[in-house]
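Once you've had a glance at the structure underneath, I'll fire off some questions.
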């Protein structure tokens with residue numbers, strides 16, 4: 001065979017692109033004329049060896065991505081192995097100038113806050129060199145990341161967080177007397193495997209300027225923080241008796257006071273070893289997690305129960321829940337780090353009973369609150385005022401159920417007997433305890449820490465507590481020395497009582513839906529028309 005016979009129409013050859021190249025190899029048969037070489041085309045450079053040529057993708061150095069338009073860009077995996085996005089779902093160049101996400105409900109709207117490192121202040125080595133993820137800290141060093149200052153404009157601050165080391169922290173800080181952001185108002189330690197939703201009640205900090213501080217300590221740990229957002233929640237209280245019914249579905253929902261609550265984080269449930277965040281579900285599917293109102297009390301207690309001691313109409317939107325293994329007992333708190341209560345089945349002889357109480361009672365009272373200052377308004381009014389009376393229940397909780405206690409309140413017979421005594425004696429502190437506790441007294445937070453409760457929050461709680469025991473409190477205020485006073489009765493400026501009782505005008509904080517002039521009549525002068 002001579003070279004003249006090299007062009008044979010029926011002869012064929014196949015080829016594939018070499019590693020590092022992508023496409024479909026095409027063999028050219030003597031395309032340059034007789035005696036020309038065979039040619040191969042169709043293989044283009046594929047730097048990341050993902051099967052897509054560099055010319056056909058944006059992310060030619062990342063084998064997991066082809067388009068830069070993905071949520072986290074080219075350099076960061078969107079989901080990794082966590083099931084959560086590895087970067088903020090909303091990005092902008094400013095910390096709090098972000099597109100607001102509106103939804104249909106009285107809860108309002110979300111405001112998303114980015115973790116864009118360009119507008120946060122880094123100290124140490126929070127982010128590693130050449131790592132562009134803005135939600136994962138670096139394992140190569142330790143450091144802090146501080147947000148730009150922002151105004152707390154809503155009642156709830158929420159975020160996702162996880163992993164980190166024993167000393168890792170997420171803090172909400174406001175200014176101290178020296179004008180530096182050094183006063184810790186909220187704190188969360190994310191030192192656990194997995195990512196959790198965290199909800200902070202910041203209704204007591206409305207209109208305060210604050211910063212968020214992320215601390216990744218020590219070196220070798222990687223902490224995740226994402227989806228920081230502010231929104232308004234519906235106020236709620238945790239009473240000392242509630243109905244709890246576990247569902248049989250795979251999601252392990254709970255029906256609490258007739259409303260379905262579901263675990264916020266994937267793969268968690270009330271059967272876990274630690275408390276799990278449960279939030280009321282929205283049946284219409286239009287409300288983001290944490291904004292759906294909690295279960296109503298009305299008509300959801302057993303027949304014969306009295307409602308006059310409940311100062312609120314519904315449960316909190318979200319609660320921390322854990323069921324003790326092998327028992328029909330639940331530990332519940334209104335939030336992470338808040339006082340835990342042990343809810344035991346009301347009738348031990350009835351294993352299927354849905355009614356659970358901290359102690360047996362048929363006239364439940366609120367023992368903790370969520371968003372107590374949410375939706376409150378201010379008004380200038382003339383009111384007869386007085387200091388809040390300290391209740392027996394409040395005193396028992398402060399003395400026998402300190403914040404940070406290792407056991408849940410109601411776990412011991414002593415705690416149950418004291419609360420039962422309070423219930424029988426009209427909730428008077430002196431009858432069961434022999435003395436009363438001063439409102440605002442320092443509360444023991446843990447064995448090694450004693451802190452003062454927030455003055456505004458405790459005063460609002462006192463107003464609600466007054467309503468718990470049949471009183472009527474529509475408003476409260478703090479004096480210049482931060483003493484709490486409650487409005488006993490308010491009158492329009494034209495009423496004779498204002499002069500007779502020498503009532504001065506003060507600025508009062510109204511409870512949500514308060515009607516201080518309800519039932520009073522005011523004469524209004526009008527021009528006579530012909």
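The values are calculated or read from the model by the stated rules, or taken from the named source; none is laboratory data. On a predicted model such as this, the values are computed, not experimentally measured, just so you know. Positions of Cβ are backbone-derived with ideal geometry, glycine not excepted, and every protein chain shown enters the neighbour counts.
Look at the stretch 227-273 and say how many of its residues are more than 20 Å from the chain's Cα centre (by Cα), buried (at least 19 other Cβ atoms within 10 Å of the Cβ) and either assigned to a loop (DSSP other than H, G, I, E, B) or free of Cβ contacts under 8 Å to residues at least 60 places away in the same chain (or both).
2
Something else about it: Filter the stretch 311-338 down to the residues that are touching a strand residue (DSSP E or B) at 6+ places or on another chain (Cβ under 6 Å), farther than 19 Å from residue 233 by Cα and in a loop (DSSP other than H, G, I, E, B) and list them by number.
The one that is touching a strand residue (DSSP E or B) at 6+ places or on another chain (Cβ under 6 Å), farther than 19 Å from residue 233 by Cα and in a loop (DSSP other than H, G, I, E, B): 328.
Something else: Checking residue 166 against (1) surrounded by fewer than 17 Cβ atoms within 10 Å (Cβ to Cβ); (2) touching a strand residue (DSSP E or B) at 6+ places or on another chain (Cβ under 8 Å); (3) closer than 28 Å to residue 266 by Cα, only one condition comes out false. Which one?
Failed condition: (2).
Out of curiosity, is residue 418 modelled with pLDDT of 80 or more and touching a helix residue (DSSP H, G or I) at 6+ places or on another chain (Cβ under 7 Å)?
When the stated conditions are applied, residue 418 passes them.
All but one of (1) free of Cβ contacts under 8 Å to residues at least 40 places away in the same chain; (2) within 30 Å of residue 394 (Cα to Cα); (3) crowded, with 21+ Cβ neighbours inside 10 Å hold for residue 190, so report the exception by its number.
Result: residue 190 passes all but (2).
Which numbered condition in (1) modelled with pLDDT under 85; (2) under 30 Å from residue 208 (Cβ atoms); (3) in a loop (DSSP other than H, G, I, E, B) is the only one that residue 307 fails?
Going through (1) modelled with pLDDT under 85; (2) under 30 Å from residue 208 (Cβ atoms); (3) in a loop (DSSP other than H, G, I, E, B) one by one, residue 307 breaks only (2).
Related question: Note down all Cβ pairs under 7 Å where the first residue falls in the stretch 116-135 and is in the same structural domain as residue 223 (by TED's automatic domain parsing) and under 23 Å from residue 62 (Cα atoms), the second is exposed (fewer than 13 other Cβ atoms within 10 Å of the Cβ) and at pLDDT below 70, and they're at least six residues apart or on different chains.
From residues that are in the same structural domain as residue 223 (by TED's automatic domain parsing) and under 23 Å from residue 62 (Cα atoms), the pairs are 116/93.
Just one of the numbered conditions (1) part of a loop (DSSP other than H, G, I, E, B); (2) touching a strand residue (DSSP E or B) at 6+ places or on another chain (Cβ under 8 Å) is not true of residue 502; which one?
In the conditions (1) part of a loop (DSSP other than H, G, I, E, B); (2) touching a strand residue (DSSP E or B) at 6+ places or on another chain (Cβ under 8 Å), residue 502 misses (2) alone.
Residues in the stretch 311-321: is at least one closer than 17 Å to residue 365 by Cβ and at pLDDT below 85?
Scanning the stretch 311-321, I find at least one residue that is closer than 17 Å to residue 365 by Cβ and at pLDDT below 85, so the answer is yes.
When only residues in the stretch 396-414 that are crowded, with 22+ Cβ neighbours inside 10 Å and more than 25 Å from the chain's Cα centre (by Cα) count, which is modelled with the highest pLDDT?
410
Show the residue pairs meeting these rules: Cβ distance below 7 Å; 6+ apart or different chains; first residue within the stretch 206-226 and on the phi > 0 side of the Ramachandran plot; second residue assigned to a loop (DSSP other than H, G, I, E, B).
The qualifying pairs are 207/152; 220/139.
I'd like the full set of residues that are in contact (Cβ under 8 Å) with a residue 40 or more places away in the chain, over 13 Å from residue 201 (Cβ atoms) and crowded, with 17+ Cβ neighbours inside 10 Å, limited to the stretch 324-338. Reasoning before the result, please.
Initially, the stretch 324-338 is screened for residues in contact (Cβ under 8 Å) with a residue 40 or more places away in the chain, giving 325, 330-338.
Applying the additional criterion that residues be over 13 Å from residue 201 (Cβ atoms) yields 325, 330-332.
330, 331, 332, listed by residue number.
Can you find even one residue in the stretch 443-454 that is out of contact with any strand residue (DSSP E or B) (no Cβ under 9 Å at 6 or more places or on another chain), assigned to a strand (DSSP E or B) and either at negative phi or modelled with pLDDT of 60 or more (or both)?
yes
May I ask you to list the residues in the stretch 455-499 that are within 26 Å of residue 521 (Cα to Cα), free of Cβ contacts under 8 Å to residues at least 24 places away in the same chain and assigned to a loop (DSSP other than H, G, I, E, B)?
471, 472
What's the total number of residues in the stretch 326-338 that are over 20 Å from residue 297 (Cβ atoms) and modelled with pLDDT of 90 or more?
Number satisfying all stated conditions: 2.
What are the residues in the stretch 135-161 that are within 21 Å of the chain's Cα centre (by Cα) and either at positive phi or in a loop (DSSP other than H, G, I, E, B) (or both), if any?
Residues satisfying the conditions are 135, 147, 148, 149, 152, 153, 154, 155.
Check the stretch 290-299 and report whether any residue there is more than 20 Å from residue 338 (Cβ to Cβ), outside the structural domain of residue 172 (by TED's automatic domain parsing), outside any loop (DSSP other than H, G, I, E, B) and in contact with a strand residue (DSSP E or B) (Cβ under 9 Å, 6 or more places away or on another chain).
Taking every residue of the stretch 290-299 in turn, at least one turns out to be more than 20 Å from residue 338 (Cβ to Cβ), outside the structural domain of residue 172 (by TED's automatic domain parsing), outside any loop (DSSP other than H, G, I, E, B) and in contact with a strand residue (DSSP E or B) (Cβ under 9 Å, 6 or more places away or on another chain).
Which residue out of 392, 383 is crowded, with 21+ Cβ neighbours inside 10 Å, closer than 18 Å to residue 416 by Cβ and not assigned by TED's automatic domain parsing to the domain that holds residue 204?
On the way: 383 fails: closer than 18 Å to residue 416 by Cβ.
Going through 392, 383 in turn, the sole match is 392.
Would you point out the residue of the stretch 201-218, among those that are outside any strand (DSSP E or B) and closer than 17 Å to residue 232 by Cβ, that is nearest to the chain's Cα centre (by Cα)?
Of everything passing the filter in the stretch 201-218, 202 is nearest to the chain's Cα centre (by Cα).
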